[in-house]
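The values are calculated or read from the model by the stated rules, or taken from the named source; none is laboratory data. Computed from a predicted model, the values in this text were never measured in an experiment. Neighbour counts run over all protein chains shown; Cβ positions are idealised from the backbone, glycine included. Ligands, DNA and RNA are excluded from the accessible area calculation, which covers all protein heavy atoms including side chains. Shrake-Rupley method; radii C 1.70, N 1.55, O 1.52, S 1.80 Å.
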Amino acid sequence: MFLLLLRCIATLLHAGLIFGLAPLLMGVMGSLRARLLGRSGPTPLQPYRDLWKLLGKIPLVPDNATELYKFWPFVSFSAVGTIALLVPGFALNLVSAPLSDFITLIGLFALSRAAVLLAGLETGFGFGGAGAGRDVLFGIFSEAALLVVVLVFVLIAGDPTVDGIATYFRFGQIGISVSLGFALAAMLAVALAETGRIPVDNPSGHLELGMVHEAMLLEYSGRYLALFQYAAMLRLIVWFSLIATIFCPFGLAQAGNFFSWPLGLLSWLAKLAALAVALACFEVSTAKMRVFRVPEFLGVAMLLGLLSAVFLFVAGRLGG
Amino acid sequence: MIGLPGQGMHLGIDPLSALFLCMLVPQVVASAIAVEKKSVTFWVFVLGMVLALLAADAYALVLGFELMSAASWLLVLRGERVEGRSPALLYMGIALFSAACLIPAVFLPAGGLAFGLLLLGVGAKAGLAPLHAWLPRAHPAPTAGVSAVMSGGMVKIALYIIIRYGFIVFGNAIEPWWGVALMVAGAASVLIGSLRAALEVELKTVLACSTVEHAGLIAVGLGVALRARAMDDPALASLGLQAALLCALAHAAFKPLLFLGAGAVKQATGTTSLNWLGGLMRAMPRLGMLMLVGAAGMAALPLGPGFAPEFLLLHAVIAAAGAGGVMAWIGFTALLGVLGLSAALALAAAVRIIGIGFLGRPRTLHAAAAEEANTPNLIGMGLLAACCLPLALTPGLVLDALQPVISQLVPNAPEAALAYAPLPLLVLMLLLAAAAFFGMRRWAARGEREALPWTGGFGKPPAWLPFGDPATQPSATGFAEPVQRALGLAVLGSAGTDPSERYILAPLNRLHGQVTRLAEWVRRATVRQRLAFVFAALVMFLLVLGLGQNG
């Protein structure tokens, strides 16, 4: 009973942190990028101010929008928000752990993507349609690559939930393997595509022909735009947590063990910060790709996933 | 009684046929309510399907199957022409081919040859690659109610025969390669079906291509199960069967729903080309919401009816990859990649139906002047949407109800619980949405203003275009263009034709032309040529006779 209570508290803490820190992470990314480019940049708190500003504005609803116009931001947000509740952050064995099946997570990502796509097609303007068509293209390859990587995880850990995989990687004897290296590379590529970061899409781009995610939201304003942008911030922190939990499970706390929490919290924040620095450095050192190069980029990710599966098999045969 | 002399016809019902009858009933009722109450051919078609399901001997099965084929051929014949040609001839050719394979197969002794023939014959009917090219042409041709039952029902009957013979009748001679063959055919159908569904412009053709995809998904599940059963792995076999049967159930609910909706769109606007539609959600809100349910199923989104089968199928493939040798390992990993590609393609197809057809601005006056679908149509579709509900929210209970069928097909199959729980997910999502909603009520500025849409910076449309210039709006073709460039060119070639048409139908067509020319030449031969021909034949005959006697 006490254990369950403790797990509930840990889950609530996790929810509060991940929902609270999502804009901060985006802000840290923005100011780090600016610093690396030699500008002073906005403060890391800027996304909070942006959201607050958007909330204070009265939304302009296009007069040819359907009733569903206001429905899509909620779908997109609640799908990503559900993932945020399911992916372990600082602790394993949260109350929501049994739900965190990896394929369910992929489905929820697809649901959130579908809501954004339909929002882009809502008023029938050219940018929205073009952005949606491109996002569909990225989604096709990233989903395939992600599934192959998931296969590797599930076969190593013998458990389909993210929590189970992370538990196995945290406490099991797996060491460093070639297979996981390939899987990490594939997963990073997918994460870049899913969160719309630089080689694939430019998160700070406005009104350029190559933009994808922002293009679909151009007809949204006020609180609805705030919800979409918040969902994008959540997506970033969710992907960071996912990668950190699986590939770098050191220090992860047990939700039922109160004394492991501080280390878990500290290591989670440190991992997020490290990933933010790494991504910022990567973003300033590369240029955005042409749209039709992205399928090749993600195709390589899929190939890496396949290689990872093959190496896993070979290693299993050699070891066993 | 009709039947083989001295034996009569045997009918019977067991859990498997009861399950498929359960799939058939809602869609037939819905189609009857919506469109087809009075058509005798439709009811003969339904009778054929029921007979095929209730058959307890091969004769009754073939009779029912052929009755179904013949009646549906009549319905296709009466349907509309596609590009000036009726698909009925092609349909009849495929029906004859499938009969020519099925009839020997059911009377042959159990074994590889019989199953191979059965797979060819019934696979052609189910729209499995490589014999699927007829399906996207023939299924859209008849009226919506018939299209609905053809896609949701007839394809299932064909798959039912595969299950019946693969698992039960030929059950003792089962071999792993049967499952592999099914999986290969299924994977090819999944890929081509979903890709074409994302590229086609006609709404009904999109739905028919998606039927090819779902037939492929069911075949993949059945293949996993068949292979696992042959290799004596009841747990995996039961997982594969769960995926296949649940997918069949879900498809039997949402695909007829979508077809009926396409029929209503056709009635309201006179066209089903997505490039001519747009903005229907405002003119036909109820129809639009029902289509949204169907599209969620087609895209296999969580909380929709299509996700649980997809979930089970992916898990079955992952489990199968872990349980085999190196070839199985690589093969199943590649299969998983294909399934991932096609899941996202299915999402694209579903988003395109809703986003291009129902959202946005009307692209033509027909679409602008659409009125809400008539009540019977909405009732029929509502019935099917209600059938989607248990599949979407309580798939675990549906799987429990499937357990007798699974233990009939795989003896000593373990009971497996479903790891996907939609209800807690739904609760979480609703909580989050409510939190966002009330948070906005509390902190955000109230109210909203209506404004002119931005329309990407184009100027004000002229007065005779009250819904804006359609040319400034992305079309269905434009939306699919990136996919066409990245995948369509690679798989379908620059002409965009189906590989099955290019490599199977087109050579057959050429052969047909050559044979016709030969026959025509014989018919037009002069008396002298004919006499020469008869003389030559006589000489040949005598020569052969003489040689035979000498030797």
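Does residue A:73 satisfy the condition of being at the interface with another protein chain (Cβ under 9 Å from one of its Cβ atoms) and at pLDDT below 95? So residue A:73 does not fit the description; no. Checking each residue in segment A:41-61 for being within 7 Å of chain B (Cβ to nearest Cβ), of a type outside the set (A, V, I, L, M, F, W, C) and surrounded by fewer than 20 Cβ atoms within 10 Å (Cβ to Cβ) picks out A:56, A:57.
Run residue B:36 past the list (1) among the charged types (D, E, K, R); (2) in contact with a helix residue (DSSP H, G or I) (Cβ under 6 Å, 6 or more places away or on another chain); (3) farther than 30 Å from residue B:391 by Cβ and report the number of the one that doesn't hold. Status for residue B:36: all satisfied but (3). Restricted to segment A:156-172, and to residues there that are out of contact with any strand residue (DSSP E or B) (no Cβ under 6 Å at 6 or more places or on another chain) and not in a helix (DSSP H, G or I), the residue that is nearest to residue A:85 (Cα to Cα) is A:159. Taken residue by residue, segment B:395-416 has no member that is open to solvent by less than 60 Å² (accessible area, probe 1.4 Å), under 26 Å from residue B:349 (Cα atoms) and at the interface with chain A (Cβ under 7 Å from one of its Cβ atoms). Any idea which of A:120, A:89, A:124 is more than 8 Å from chain B (Cβ to nearest Cβ) and at pLDDT below 95? After ruling out the rest, the residue left standing is A:89.
Screening the candidates B:195, B:128, B:207, B:222 for the property of being modelled with pLDDT of 90 or more and outside any helix (DSSP H, G or I) yields one hit, B:128.
Looking across segment A:163-180, the residues that are open to solvent by less than 40 Å² (accessible area, probe 1.4 Å) and not acidic (Asp, Glu) come down to A:164, A:165, A:166, A:169, A:172, A:179, A:180. Of the candidates B:474, B:466, B:482, the single residue that is in contact with a helix residue (DSSP H, G or I) (Cβ under 9 Å, 6 or more places away or on another chain), within 11 Å of another protein chain (Cβ to nearest Cβ) and in a helix (DSSP H, G or I) is B:482.
Regarding residue A:153, is this residue more than 7 Å from chain B (Cβ to nearest Cβ), aromatic (Phe, Trp, Tyr) and assigned to a helix (DSSP H, G or I)? Yes.
Here B:446, B:442 are screened, and the one residue that is open to solvent by 60 Å² or more (accessible area, probe 1.4 Å) and either in a helix (DSSP H, G or I) or at pLDDT 95 or above (or both) is B:442.
Per the listing B:436, B:419, the residue uniquely within 13 Å of chain A (Cβ to nearest Cβ), more than 28 Å from the chain's Cα centre (by Cα) and open to solvent by less than 70 Å² (accessible area, probe 1.4 Å) is B:436.
Count, please, the residues in segment B:424-433 that happen to be open to solvent by 80 Å² or more (accessible area, probe 1.4 Å) and either more than 22 Å from residue A:108 (Cβ to Cβ) or in contact (Cβ under 8 Å) with a residue 12 or more places away in the chain (or both). Here the count works out to 0.
Can we say residue B:338 is assigned to a helix (DSSP H, G or I), open to solvent by 10 Å² or more (accessible area, probe 1.4 Å) and within 13 Å of chain A (Cβ to nearest Cβ)? Yes: the conditions hold for residue B:338.
Yes/no matrix, rows are residues, columns are (1) closer than 16 Å to residue A:184 by Cβ; (2) free of Cβ contacts under 8 Å to residues at least 60 places away in the same chain:
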| position | (1), (2) |
| --- | --- |
| A:216 | no, no |
| A:222 | no, no |
| A:238 | no, no |
| A:256 | no, no |
| A:261 | no, no |
| A:276 | no, no |
| A:282 | yes, no |
| A:296 | no, yes |
| A:309 | yes, no |
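Using the structure shown, decide if residue B:360 is at positive phi and facing another protein chain (nearest Cβ under 7 Å). Here the answer is yes, as residue B:360 does meet what is asked.
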